[in-house]
Amino acid sequence: MSEYSFFGAVEKSFDKAAQFTKWDPGVLEQIKQCNAVYRMHFPVKIGEKIEVIKAYRVQHSHHKLPCKGGIRFAMSVNLDEVMALAALMTYKCAIVNVPFAGAKGGITIDPKKYTPYELEKITRRYTSELIKKNFIGPGIDVPAPDYGTGEREMAWIVDTYASMRPGEIDAMGCVTGKPVTQGGVRGRREATGLGVFYGLREVLNMKDQMDKLGLSVGVEGKRVVVQGLGNVGYHSAKFFQEAGAKIVGLAEFEGSIWNTDGLDVDAVFEHRKKTGSILNFKDGTNFAKNTDALEMDCDVLIPAALENVINGTNAPNVKAKIIGEAANGPLTPEADENFAKRGILVVPDMYLNAGGVTVSYFEWLKNLSHVRYGRMEKRFTENLNTHILGQIEGLTGKQVNNKEREFIMHGPDEVDLVRSGLEETMITATREIMDAWKANPQVPDMRTAAYLVAINKVATSYAELGIFP
Ligand code: GLU
């Protein structure tokens with residue numbers, strides 16, 4: 001076990017930014033601490049044996065309610081990690097103006113070792129432990145998927161919650177990332193990856209930043225490497241490819257591959273599904289070591305798996321000009337220092353991967369309002385657009401082509417509204433952080449600027465509650 005503390009790294013980044021604020025040290029200390037930590041053990045019968053399962057839920061802050069954050073299933077889950085991830089959620093939500101406080105949960109298991117039935121038992125038992133201690137509820141604390149969990153687990157959680165809280169009208173809002181048939185929202189599955197894309201696209205469109213890095217403006221033609229082909233990595237890679245970037249390298253834990261002309265993300269994904277590995281892909285070359293992809297010559301490197309993958313040892317070998325942190329905490333503070341010194345732009349996790357929680361917010365709103373997005377306005381908008389188009393064509397005597405007609409007349413579906421809300425959120429957040437950085441030229445990097453924005457928002461919200469002077 002290394003000496004590295006993930007929560008310590010988050011605290012370090014916090015302190016680095018806090019010195020640029022004027023908040024009272026007591027205020028800063030209150031924001032930094034984890035407010036409530038719940039560590040539990042519970043028994044689950046697996047086969048003929050009783051297994052004692054260790055799990056956590058940490059609520060980092062209560063300056064807004066509910067608390068919000070995913071649940072992770074992995075052997076690496078420990079208290080330090082859950083605390084760090086909960087803290088990141090507080091700052092993340094503040095940056096993207098999502099009115100939640102941060103939380104995180106985790107169960108220390110290897111989900112691959114269990115059958116779906118056993119996983120269901122574990123998930124349902126974890127949920128009832130949360131219910132017993134009042135650590136879950138649409139107005140209290142709302143979990144979501146994270147590493148090792150997905151829609152299936154969220155469906156088990158909502159079902160357990162709803163059956164133990166009969167008649168609670170807003171029960172669906174107790175968890176997000178659910179399947180659409182169980183109260184989920186269209187667009188949640190790809191939300192984090194799409195948010196990563198929108199955030200990086202906005203940065204790549206900033207001429208002053210690109211000039212500093214010696215890069216051309218825009219996504220088109222950029223050479224991108226993605227580490228991790230899970231939900232976040234896959235969708236980030238896919239949206240970059242669709243926008244005209246070249247995915248020159250892809251890494252997974254079994255190995256990594258490259259092609260300087262670009263890899264087709266879906267074809268690699270299919271290949272991995274068939275063979276169980278991304279290696280030996282017909283249009284790619286295997287790297288000798290899976291970590292080699294991180295050190296490949298490229299414009300944008302997107303670590304999209306777990307924390308701590310780029311550290312003091314391998315950071316000096318990284319050749320990318322921009323690091324887009326799709327995972328939570330993929331860089332250690334030593335890696336950060338190395339990149340700052342070498343003028344490499346690190347676009348920080350707690351804002352870049354906030355697409356997931358942003359769309360979770362939309363899902364929660366949908367659950368509380370009990371109506372699908374677009375239901376009320378779709379037909380009205382289509383009728384209105386048809387009318388306007390008819391008037392314009394009548395007045396000008398010209399006809400628009402069929403493709404344009406379809407586009408203009410289309411009224412918004414749920415996924416259109418969710419994506420446009422996400423795009424707006426990510427663009428606004430990027431600009432807010434960059435503006436804060438420009439207004440404080442002593443701030444050394446974008447992560448510190450992001451923390452600065454987050455600290456100011458959380459402290460202001462406490463002050464507005466009258467808790468702080
Ligand atoms: N687990 C995701 C994250 O780290 C999503 C959290 C949520 O939707 O509440 O941001």
Q: Test each condition in (1) away from the ligand (no atom under 12 Å from the Cβ); (2) of a type outside the set (Lys, Arg); (3) closer than 24 Å to ASN231 by Cα for ASP146 and report the one that comes out false.
A: (1)
Q) For region 92-109, how many residues meet the condition of being within 18 Å of LEU65 (Cα to Cα) and either more than 11 Å from the ligand (Cβ to nearest atom) or hydrophobic (A, V, I, L, M, F, W, C) (or both)? A) 10
Q) From the list GLY394, GLY421, GLY466, which residue is crowded, with 16+ Cβ neighbours inside 10 Å and either more than 29 Å from GLY193 (Cβ to Cβ) or not charged (D, E, K, R) (or both)? A) GLY421
Q: Within region 146-192, work out how many residues are farther than 29 Å from PHE240 by Cα and among the acidic types (Asp, Glu).
A: 3
Q. Has region 412-423 got any residue that is away from the ligand (no atom under 16 Å from the Cβ), outside any helix (DSSP H, G or I) and not aromatic (Phe, Trp, Tyr)?
A. yes
**Q.** Output for region 16-50, where each listed residue is among the charged types (D, E, K, R), surrounded by 12 or more Cβ atoms within 10 Å (Cβ to Cβ) and farther than 22 Å from CYS67 by Cβ
**A.** LYS16, ASP24
Q. Considering MET376, MET446, which residue is crowded, with 19+ Cβ neighbours inside 10 Å and either of a type in the set (Val, Ile, Thr) or away from the ligand (no atom under 16 Å from the Cβ) (or both)?
A. MET446
Q) Between a first residue in region 23-43 that is at pLDDT below 95 and a second residue that is of a type outside the set (Gly, Ala, Ser) and surrounded by 14 or more Cβ atoms within 10 Å (Cβ to Cβ), which pairs have beta carbons less than 6 Å apart while being 6 or more apart in sequence or on different chains? A) VAL27/PHE468
Q | Out of TYR117, TYR161, TYR126, sole residue that is away from the ligand (no atom under 14 Å from the Cβ), in a helix (DSSP H, G or I), modelled with pLDDT of 95 or more and touching a Cys at 6+ places or on another chain (Cβ under 6 Å) | A | TYR161
Q) If you go through region 202-209 one residue at a time, do you hit one that is more than 23 Å from the chain's Cα centre (by Cα), under 14 Å from VAL300 (Cα atoms) and not in a helix (DSSP H, G or I)? A) no
Q: Go over the candidates ALA305, ALA326, ALA315, ALA354 one by one and state the one that is within 16 Å of the ligand (Cβ to nearest atom), surrounded by fewer than 24 Cβ atoms within 10 Å (Cβ to Cβ) and closer than 24 Å to TYR234 by Cα.
A: ALA305
Q | Lone unmet requirement of (1) assigned to a helix (DSSP H, G or I); (2) farther than 26 Å from ASN308 by Cα for LYS16 | A | (2)
Q: Kindly provide the set of residues from region 64-108 that are farther than 20 Å from ARG188 by Cα and outside any helix (DSSP H, G or I), ordered by number.
A: LYS64, LEU65, ALA74, MET75, SER76, VAL77, ASN78, GLY106, ILE107, THR108
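Residue check: is ASP141 within 14 Å of the ligand (Cβ to nearest atom) and more than 22 Å from HIS235 (Cα to Cα)?
Details: within 14 Å of the ligand (Cβ to nearest atom): yes; more than 22 Å from HIS235 (Cα to Cα): yes.
Answer is yes for this residue.
Looking at ALA463, ALA454, which one is in a helix (DSSP H, G or I) and within 22 Å of ASP336 (Cα to Cα)? Spell out how you get there, then give the answer.
Values: ALA463 fails: within 22 Å of ASP336 (Cα to Cα).
Result: ALA454 is the single residue among ALA463, ALA454 that is in a helix (DSSP H, G or I) and within 22 Å of ASP336 (Cα to Cα).
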Q | Residue in region 31-66 that is farthest from PRO99 (Cα to Cα), counting only those that are in contact with a His (Cβ under 9 Å, 6 or more places away or on another chain) and of a type in the set (Val, Ile, Thr) | A | VAL52
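The values are calculated or read from the model by the stated rules, or taken from the named source; none is laboratory data. Computed from a predicted model, the values in this text were never measured in an experiment. As a convention, Cβ positions derive from the backbone with ideal geometry for all residues, glycine included, and neighbour counts pool all protein chains shown.
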